[in-house]
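I have placed the structure first, in the form of structure tokens, so that the comments after it can refer back to it.
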Amino acid sequence: MDKRVIGALCCALWVLSSGCSDECVDQFDCRADNGQPAEGQEWVCEDNKCEQRPIPTPPQPDAGEPEPDAGVPDAGVPDAGVPDAGEPDAGEPDAGPVDGGGIGTAGKGETCAGSGDCMAGLRCEGAPLTCQAQHVAVTGRDDAGVSKALVMRYDTPGMTALSDGDVDSRYPRWGPGGARVSFAQGAVDTATEKVAGDLTVRDIPLVAGQAQVLADGGSGNTESFRSMEWAPSSYIAWVRQNGSSRSGISVVTTDAAGGVVTQATTTGAFPDWAPDGTTFVYNISGEGLLTSTLGAAPTPLTSAGTSAEQAHYNHTNAQLLFLANPNNEMVVFSGDPIPVPLFKMHSVNVTGGAQPQLIADVSSEAATDGTINTFIASPIWSPDGTWSAYVRAYYFKPTTGDAVLCGGAPSPCETRPGNVIFLRAINPADGTATGAEVRLADDGTLPSFSPDGRFIAFIKAGQLHVQQIDPATGAPVNAAIVHPKGGYTLLTSDSDDHRPRWQPR
């Protein structure tokens, strides 16, 4: 996909998910204007309006689900480099025992021999080994306008920055086992998108002053580390950016002798690692999807078509999820001359042979003086390949003139959500969709499944939301856990680069 088109699509979804108005930007604006909320309530800036709502309660243990911490911890931002409350003691990183592939009965704080002993949402870690809530990593911007790579326990308010002081950082990615996290670091020139920085790795739990630079702009041959992916590989992959071009994939080693950079492809974007950690899928504009193993020639996945892009592996089978626009249908939004592709979402077997399966189509419904339409964005798998999650973006297309996003400018759909997260069940045997779409969250974006498939993290109004789901039906279970901003507004404008990332079990 052309970089300008990527920017237009990301901007469209950012407008849908971030929200802005004169009344409020966040809960702090509401408190300043209206005073303290009633007992048991909190201010929420929803659709740019201040509302009082019951304070969300983390899910209670039921049918094997984890028990969150009692009480509400301090929602402030911990000092960079200092472990969050509830972290194991700082020391040598421990990747933890092997997951084991299952969900056990040990609750939070209880002893374990491996993560398979722990309830959903928990991993086995520390010394002595106990079940603790997994971390989620995101990128936020603080009140001074500095972006920060952040980590937090999924069930506990409070975020920890990975970079120190006023150093800009972004795009955190977990290593295999969840004991290390990488991120890009260095100030960004917003006019050129160039960054004078490096690719850095830190251990979890965080140790003050401990960080390893694996590559910088020179050794990485890039002005910005984009579309980075790490686990389940021992290599970190990224797409090189040079001037207006964002194409070509490089990787760097992360072992004891880490820092060896290799050019994996000369062109292409959106790499995603297969479960074996050495094979990856990527796309080339106008050619579609290709797979490659480091050091080997790429193999085109011709059955996916030449418009296929943004493909993702799950952790258990040979199916890929991807976006495609085979009929080259585009829409132009008011105020932005760059056409946006009307993507559909498909699955395909990476070994070839079978034709792609349509999972989520575009849609259209009649409205006064035009139509209300949708396209698909931000696809992702559940780890076991039985569910997909994606964003359906809604817009109004008048009979004459440019389109406008729903939920914003005056239109027949101005009161409807601009984007909605849906789930769709998928048959792992052949990649076909089963059942109807399950509506998960209005006005959310960038969904991400937990490693056990029982929780979905997403961003809404600049805050992290974590929603428990029924693994059989996909239906939401209990109220979503909503993390206070704590001085950070979470970013969505760089699409998949800003998707929340779960710590491996």
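We did not get these values from a lab; they are worked out from the coordinates using the rules stated. Quick caveat: nothing in here was measured; it's all calculated off a predicted structure. Note that each Cβ is placed from the backbone with ideal geometry, even for glycine, and that neighbours are counted across all protein chains shown.
Points to keep in mind about this one:
- Ordering G352, A367, L321 by Cα displacement along the dipole of the stretch 320-403 toward the positive end leaves G352 in first place; charges were set at the Cβ atoms of Lys, Arg (+1) and Asp, Glu (-1).
- At 0.890 mPa s and 25 °C, Stokes diffusion of the stretch 428-505 via Kirkwood alpha-carbon radius, µm² per second: 179
- Residues whose amide H falls under 5 Å from that of I426, counting only those 5 or more places apart or on a different chain, are W387, S388, T434, with hydrogens built in the peptide plane.
- Links that overshoot a 29 Å alpha carbon limit, given the list K148/K344; K397/K460; K108/K485; K148/K460: K148/K344
- Figure legend: label point modelled 7 angstrom from the Cα of S234 along Cα→Cβ; residues of the stretch 271-291 with amide N under 12 Å from it are 277-278.
- Reciprocal mean inverse distance between Cα atoms of the stretch 353-456 - Kirkwood radius, Å: 14.9
- Electrostatic bookkeeping for G435 treats Lys and Arg as +1 and Asp and Glu as -1; over the other residues with beta carbon under 14 Å from its beta carbon, the sum is 0.
- Dipole magnitude for the stretch 134-300: about 140 debye, using +1 per Lys or Arg Cβ and -1 per Asp or Glu Cβ, origin at the Cα centre.
- Alpha carbon convex hull of the stretch 134-300, volume per residue in cubic angstrom: 127
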